Amino acid sequence: MKITLYYFKIPFWRAEVTRLSLYISDIPFNDHRIEGDEYDEFKKTGKLPNGKIAPFKQLPVLEVDGKIFAQTGAIARYCGKLSGLYPKDDDYKSALIDQIIEAAQDINFLVTLSGRDKDPEKKKLEREILTTRHLPKWFQYLENLNNQNDQSVFFVGKYLTIADLAIWRLLGWLTSGLLDGVPMNILEPYERLKKLREEIYNHPKVNEWMMKTYGKII
Ligand SMILES: N[C@@H](CCC(=O)N[C@@H](CS)C(=O)NCC(=O)O)C(=O)O
């Protein structure tokens, strides 16, 4: 099986959830990061370096033995099944994982929406609403769901799943300081979420991936 993940040259959760799930389980894949001329071409036409057009003209796109499909959740689930980080035969457990991935999408959408205004004052206000109202509400939902799992620090069951990887990286973005108006200590009140992040950062394969790919822990 030949797997290629197409995404931009950034460690964003939409791609990292899949990259990490494959890497952790030693499944070889081509981590194709679109940049330079390939980026310009993709932005203009939606054409991937393999000549195919991305279904929604967005990334990530996964190619498996020459066939492609898109959407973060679909890709993460497909690869999660290959890597053992998503159940193949437990519909309830799958749904518990899916709801977390969908929540990541909702949070991502709120963040993007709050950064769109060209007027700096309006954007500042949007970001203030995001950090004081929206994010605390969503973090608390996630904290509660994580807290309901008494089997581990993860969201579902005893072991790491793609849900944990998605939230870990999403939270990495939200606390990175790269988002104007979003303070790096925004996760301070959420003990379970902090513990989850710590656990994943301590995973030897995650650590190995970070050092090998980015030369540092991010
Ligand atoms: N619903 C899509 C959203 C993907 C998405 O928004 N991708 C962004 C990058 S993070 C993108 O390709 N933007 C380029 C564009 O829309 O032109 C998913 O879940 O994968």
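The values are calculated or read from the model by the stated rules, or taken from the named source; none is laboratory data. Everything numeric here is computed off the predicted structure, so don't read it as measured data. Note that each Cβ is placed from the backbone with ideal geometry, even for glycine, and that neighbours are counted across all protein chains shown. For the accessible areas, the whole protein counts, side chains as well, though only heavy atoms, and no ligand, DNA or RNA atoms are used. Shrake-Rupley method; radii C 1.70, N 1.55, O 1.52, S 1.80 Å.
Per residue, the accessible area of the stretch 67-214 comes to 53 Å² when a 1.4 Å probe rolls over the protein heavy atoms. Between the stretch 1-33 and the stretch 54-79, the alpha-carbon centres lie 11 Å apart.
Ligands, DNA and RNA left out, the 1.4 Å accessible surface of the chain is 51% carbon and sulfur atoms. One chain, two ends: LYS57 and GLU35. Fully extended at 0.36 nm per residue, the span grows by 6.4 nm beyond their Cα-Cα distance. Under the shape rule built on the C-alpha gyration tensor, where the axes satisfy a ≥ b ≥ c, the stretch 1-147 is oblate, since a/c reaches at least 1.5 while a/b does not exceed b/c. Here the extension length gained between GLU208 and SER176 equals 9.5 nm, from 0.36 nm per residue of separation less the Cα-Cα distance. Across the chain, Cα pairs under 8 Å and at least six residues apart give a relative contact order of 20 percent.
Rounded to the nearest 20, the size of the Cβ-charge dipole of the chain about its Cα centre is 320 debye, with Lys and Arg at +1 and Asp and Glu at -1. So if we plug the beta-carbon distance of THR45 and GLN148 into 1/(1 + (r/R0)^6) with R0 = 45 Å, what FRET efficiency do we get, rounded to 0.05? The formula returns an efficiency of 0.50 here. Between ASP26 and ASP119, residue separation times 0.36 nm minus the direct Cα-Cα distance comes to 28.9 nm. Residues whose amide H comes within less than 5 Å of that of PHE8, counting only those at least five positions distant or on another chain, are ILE34 (H built at 1.01 Å from N in the peptide plane). Per-residue ellipticity at 222 nm computed for the chain from its helices equals -17000 deg cm²/dmol, with DSSP H segments shorter than 4 residues left out and the rest contributing -39,500 (n - 2.57).
Excluding same-chain neighbours fewer than eight residues apart, the aspartates and glutamates reachable from LYS93 by a Cα-Cα span under 14 Å are ASP164. Contact order for the stretch 3-83, expressed relative to its length and based on alpha carbon pairs under 8 Å spaced 6+ residues apart, stands at 37 percent. A straight Cα-to-Cα reach below 19 Å connects LYS57 with the lysines LYS9, LYS43, LYS44, LYS47, LYS67, residues fewer than 8 places away in its own chain not being considered.
Taking chymotrypsin sites (Phe, Trp or Tyr not before Pro) in DSSP loop conformation with at most 12 other Cβ atoms inside 10 Å as exposed sites, the chain has its longest uninterrupted site-free stretch at 57-158.
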